[in-house]
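Written out below as structure tokens is the structure these notes cover.
The values are calculated or read from the model by the stated rules, or taken from the named source; none is laboratory data. Note that the coordinates shown come from a computational prediction; the quantities given were computed from them, not determined experimentally. Here Cβ is always computed from backbone atoms with ideal geometry, including for glycine, and neighbour counts include all displayed protein chains.
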Amino acid sequence: MKRPKQAIAINGLHVSVAGRCLLRDASLEVNEGEVVLLVGLSGSGKSVTLKLLLGLLNDRSKPFEIKGDITLFGDELPAAADNHAGIVFQDFGLLDEWTTRENIEFGYDHRKKNKTQGEGRKKIVDQLLAELNLDGSLPIAALSGGMKQRCAIARTLAHDPDILFYDEPTSGLDPAMTKQVAELIKRTNDDHKKTSFIVTHDLAALSEIADRIILLDPKTHSFRQVPIEEAKTIMEGLALSQNRDEFRAKPVPGILRHSRNFFSSTGKSLESTLIALFALIPRWPRGKWGLRYLLYYLRLSTFGSALAYVAICGFILGLIITWFTFSFLPFKTYTEPLLIDNVIGAIGFSLFRIMVPGMVAMLVAARSGAAIAADIGNRVYTRQTAAMQSLGFSPNRYLLTNILWAHLIGMPVLIAVNFFFAKMASLTVFAAIKPEYSTYFWEAEFPRFLSNNGELYLGTHWLVGKSLVSAFGVGTIATYLGMRPKASGRDVATAVTQSIIWSTLFVLLIQTIAALLEFDPI
């Protein structure tokens, strides 16, 4: 009789976090083609085990201490996860900027084996849509909970892993939908010849499809196979005898906690800056999707409402500075005829060199920083970034890289729009309050202190330099804050608020430093 392959092999695994033991000398084998449930009490280490098997944790992950051997189909992690593992998350992790079909295509395009293009790709995606009864044209927001579950399974199948991991697949579903999901998992496993490893608390619905049930025993901190018919009774007994103090983290004194968080955040900020610099080199896993994400973030940060936003602000800026300059000119009757050409030139100089770049940088910090922090924070909260990582690449290759380039491309565009409308507003006000002068006079004097006997205004390099540094900083700060762990919608809102504050302070600092260097006080 041919011995089945070991899909999962865990040997001598020790895992502790912040000094608390989760697994001690734990071993487990899952054979190819099996449907295995992993059950246990809250805090016993089920989620940690899942992350380990997906290659998301390793011996360098703080504050975890990990020792032992894990292989998937004989390959060691983390390469084994990229080659063999796929996951269906509890909250699905669907990319909500794309349609149902595009989500499945995304999974297919990032597979590392058995990949075809053209009709072959379309045929596989069409088959999965039909098999799982999905409408490929629907946006993710239009899908019900059950449809999202099916779409998540379809995307994972399109990626073609050997092992399908499920994280609480029936959580939050009604009894009828729970039964359908259980049947779908079993049918998917058999029809596609996969191995299924399910982390769950829902024994009632999923024990019927399981070949084996593995308990993560909180007393021995190891894996223990339990009879399917006795699993529910064993779990109820453990719940009654659980010493909840065992899972309670020791409180950290306030001063120590805040000081530790400060130094940790400072170190991570410096690390994020270095990561952002390297992220400027595009390393898109797939060029097609890289360009689509670049266009997505250009629309979010620059085009659309952002253009109208800076145009209106520019017009108001030009109107105010021109109106009040001429209205409150000292000794207006005597000085205006003598200084009018210099006043117009001063307005042009201040708009181009100071007001417009400063205003646009502040507007980008507030608007775009908030939009990016919200976008990335939502991706983290809904596990979209984790879904990208499960497909074998860092989310930053699509997100951070394109956010930075969208800001670097968009900032000059926004400045040009803002300056154009500020200039037009200045001309309009001047024409209204000084009808005795021609517009040609204003156009000749406006660049008086900016003329460089060339195509570019004087100081253009300063404007470009401080604006690009501001753009890079806003993109980095917003992405960093958005990427931090999110446990609730409140955490997303906090990231948005922090992004506005820190991005604005950063922009003010850069503009101040640039002004001190740019303008000689002597």
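List the number of the failed condition for Gly33; all other conditions in (1) part of a loop (DSSP other than H, G, I, E, B); (2) under 30 Å from the mean Cα position of the chain (by Cα) hold.
The number of the failed condition is (2).
Those residues that are within 13 Å of Pro412 (Cβ to Cβ) and surrounded by fewer than 19 Cβ atoms within 10 Å (Cβ to Cβ), I need them from the range 441-468; list them, please.
Within the range 441-468, Leu456, Thr460, His461, Val464, Gly465, Leu468 meet the criteria.
Please state which one of Ala471, Ala431 is of a type in the set (A, V, I, L, M) and in contact with a His (Cβ under 8 Å, 6 or more places away or on another chain).
None of the other options fit; the residue is Ala471.
Of the conditions (1) surrounded by fewer than 16 Cβ atoms within 10 Å (Cβ to Cβ); (2) assigned to a helix (DSSP H, G or I), Lys112 clears all except one; give me its number.
(2)
If we keep just the residues of the range 45-73 that are in contact (Cβ under 8 Å) with a residue 60 or more places away in the chain and in a loop (DSSP other than H, G, I, E, B), which is farthest from Gln225 (Cα to Cα)?
Per the criteria, the residue is Leu56.
The rows are residues; the columns are (1) touching a residue at least 40 places away in the same chain (Cβ under 8 Å); (2) surrounded by fewer than 19 Cβ atoms within 10 Å (Cβ to Cβ).
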site: Leu77; (1), (2): no, no
site: Ile87; (1), (2): yes, no
site: Asp96; (1), (2): yes, yes
site: Arg101; (1), (2): no, no
site: Gly107; (1), (2): yes, no
site: Gly120; (1), (2): no, yes
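Looking at Pro357, Pro412, which one is over 25 Å from Val492 (Cα atoms), under 29 Å from the mean Cα position of the chain (by Cα) and free of Cβ contacts under 8 Å to residues at least 60 places away in the same chain?
Pro412
Report every pair of residues separated by at least 6 positions or lying on different chains whose Cβ atoms are under 6 Å apart, first residue within the range 147-164 and on the phi < 0 side of the Ramachandran plot, second in a helix (DSSP H, G or I) and of a type in the set (Gly, Ala, Ser).
Once the first residue is on the phi < 0 side of the Ramachandran plot and sits in the range 147-164, its partners that are in a helix (DSSP H, G or I) and of a type in the set (Gly, Ala, Ser) give Arg155/Gly107; Ala158/Gly107; His159/Gly107.
Can we say Ser451 is assigned to a loop (DSSP other than H, G, I, E, B) and either not charged (D, E, K, R) or not assigned by TED's automatic domain parsing to the domain that holds Thr325 (or both)?
Judged against the criteria, Ser451 is a match.
Any idea which residue in the range 46-75 is surrounded by the fewest Cβ atoms within 10 Å (Cβ to Cβ), counting only those that are of a type in the set (D, E, K, R) and under 17 Å from Gln6 (Cα atoms)?
Asp69
For residues that are surrounded by 15 or more Cβ atoms within 10 Å (Cβ to Cβ) and either out of contact with any Phe, Trp or Tyr (no Cβ under 6 Å at 6 or more places or on another chain) or aliphatic (A, V, I, L, M) (or both), tally how many sit in the range 475-490.
10
When you go through (1) touching a residue at least 12 places away in the same chain (Cβ under 8 Å); (2) touching a Phe, Trp or Tyr at 6+ places or on another chain (Cβ under 9 Å); (3) surrounded by fewer than 20 Cβ atoms within 10 Å (Cβ to Cβ); (4) part of a helix (DSSP H, G or I) one by one for Ala431, which number turns out not to apply?
(1)
For residues that are farther than 16 Å from Leu94 by Cβ and in a loop (DSSP other than H, G, I, E, B), tally how many sit in the range 379-412.
Of the residues in that region, 3 qualify.
Given Gln225, Gln242, which one is out of contact with any Gly (no Cβ under 7 Å at 6 or more places or on another chain), modelled with pLDDT of 80 or more and assigned by TED's automatic domain parsing to the domain that holds Leu37?
Matching residue, one of Gln225, Gln242: Gln225.
Determine whether Ser42 is under 19 Å from Ile213 (Cβ atoms), hydroxyl-bearing (Ser, Thr, Tyr) and in a strand (DSSP E or B).
no
Conditions tested, residue by residue: (1) surrounded by 22 or more Cβ atoms within 10 Å (Cβ to Cβ); (2) of a type outside the set (A, V, I, L, M, F, W, C); (3) out of contact with any strand residue (DSSP E or B) (no Cβ under 6 Å at 6 or more places or on another chain); (4) not in a helix (DSSP H, G or I).
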{"site": "Arg299", "(1), (2), (3), (4)": "no, yes, yes, no"}
{"site": "Phe303", "(1), (2), (3), (4)": "no, no, yes, yes"}
{"site": "Ala308", "(1), (2), (3), (4)": "no, no, yes, no"}
{"site": "Ile312", "(1), (2), (3), (4)": "no, no, yes, no"}
{"site": "Ile344", "(1), (2), (3), (4)": "yes, no, yes, no"}
{"site": "Phe349", "(1), (2), (3), (4)": "no, no, yes, no"}
{"site": "Phe352", "(1), (2), (3), (4)": "yes, no, yes, no"}
{"site": "Ala366", "(1), (2), (3), (4)": "no, no, yes, no"}
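Suppose we filter Ala422, Ala406 for residues that are assigned by TED's automatic domain parsing to the domain that holds Leu298 and out of contact with any Ser or Thr (no Cβ under 8 Å at 6 or more places or on another chain); which single one remains?
Ala422
Quick check on my filter: what residues within the range 31-71 are over 22 Å from Ile185 (Cα atoms) and touching a Gly at 6+ places or on another chain (Cβ under 8 Å)?
Lys67, Gly68, Asp69 - these are the residues of the range 31-71 that are over 22 Å from Ile185 (Cα atoms) and touching a Gly at 6+ places or on another chain (Cβ under 8 Å).
Of all residues in the range 122-159 being under 27 Å from Lys5 (Cβ atoms) and surrounded by fewer than 18 Cβ atoms within 10 Å (Cβ to Cβ), which is modelled with the lowest pLDDT?
Result: Glu131.
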